[in-house]
Each structure stands twice: as C-alpha cells, then as structure tokens.
C-alpha cells in the first residue's frame, strides 16, 4: 500500500517541479536575466536583444538551453536589428532551473506553443558546442 501511494504521489510531485506554476521560472528569470533583457523581455535599445515574442528566440528554441547555460558571442539578428554584445552564460544553473526559465519564456513571452520538458533541455545541454 505504501509503494502504491508513492507511485501515485511521486509523478505529481515531479510534474510540479518542472512547471512555472510556482513562479520559480519567473523568479530565476528575474534573478539571472532581467537585469539585461528587462523584466518584460524587451531588451535594451540596440545593445541587448529582446526575448518577448522575439523571432530569434522562437526560431532557435533548440539552442536556448545552451545559450542560457554557456552564453553566446557574435552577431545575432533579432526583429531586424543586429546585436553584437556577448552574453555571459550562467554555468551554475541546473537543467531544472533552465527548464523553468524557458517555460516562463513560453508562458509570459510567447516563445512557442508548448512547454519545454526536462528531457528536452538535458538533450540540448548534451549537444552544446
């Protein structure tokens, strides 16, 4: 009976860990990302690109975990504007924290239609170059 309860409760616990319902993604975004990209994800003039409904972020969802973790250098074009400001990565973020940040971007910044799964983020991180 005890194992049965655990099997019922454990998946529910896991699901809640990797969603933004508890605002952990928003909190992590505000802590690690908002100082540059802004609380509303609008970026900063022609220095820092926007994230909110930004074409670059929407077209590169398969690379975003790596960009968050390891940063990015070189030119990127976002909404017709070329940015060439290096972005430092946040090496101490776990895959779970990155998943929550990405899911905050999905829900609040309309990044894509479906939420990120932890397995997807781990796969992205395993392929970072």
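Whether any residue in segment 90-105 is within 10 Å of the chain's Cα centre (by Cα) and part of a loop (DSSP other than H, G, I, E, B) is what I want to check. Within segment 90-105 (the criterion being within 10 Å of the chain's Cα centre (by Cα) and part of a loop (DSSP other than H, G, I, E, B)), the answer is no, since none of the residues qualifies. Within segment 47-76, track down each residue that is without any contact (Cβ under 8 Å) to a residue 60 or more places away in the chain and exposed (fewer than 12 other Cβ atoms within 10 Å of the Cβ). Those that are without any contact (Cβ under 8 Å) to a residue 60 or more places away in the chain and exposed (fewer than 12 other Cβ atoms within 10 Å of the Cβ): 47, 59, 73, 74, 75.
Identify the single condition in (1) in a loop (DSSP other than H, G, I, E, B); (2) surrounded by 14 or more Cβ atoms within 10 Å (Cβ to Cβ); (3) in contact (Cβ under 8 Å) with a residue 60 or more places away in the chain that residue 28 does not satisfy, given that it satisfies every other one. That leaves (1) as the condition not met.
Yes/no per residue for (1) touching a strand residue (DSSP E or B) at 6+ places or on another chain (Cβ under 6 Å); (2) over 19 Å from residue 54 (Cβ atoms); (3) surrounded by fewer than 13 Cβ atoms within 10 Å (Cβ to Cβ); (4) without any contact (Cβ under 8 Å) to a residue 12 or more places away in the chain:
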{"position": "80", "(1), (2), (3), (4)": "no, no, yes, yes"}
{"position": "95", "(1), (2), (3), (4)": "no, yes, no, no"}
{"position": "103", "(1), (2), (3), (4)": "no, no, no, no"}
{"position": "107", "(1), (2), (3), (4)": "no, no, no, no"}
{"position": "111", "(1), (2), (3), (4)": "no, no, no, no"}
{"position": "114", "(1), (2), (3), (4)": "no, no, yes, yes"}
{"position": "118", "(1), (2), (3), (4)": "no, yes, no, no"}
{"position": "123", "(1), (2), (3), (4)": "no, yes, no, yes"}
{"position": "126", "(1), (2), (3), (4)": "no, yes, yes, yes"}
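Only the coordinates and a few stated rules stand behind these numbers; no lab work does. None of these values were measured; they are calculated from a predicted model. We place every Cβ from the backbone using ideal geometry, glycine too, and count neighbours over all the protein chains shown.
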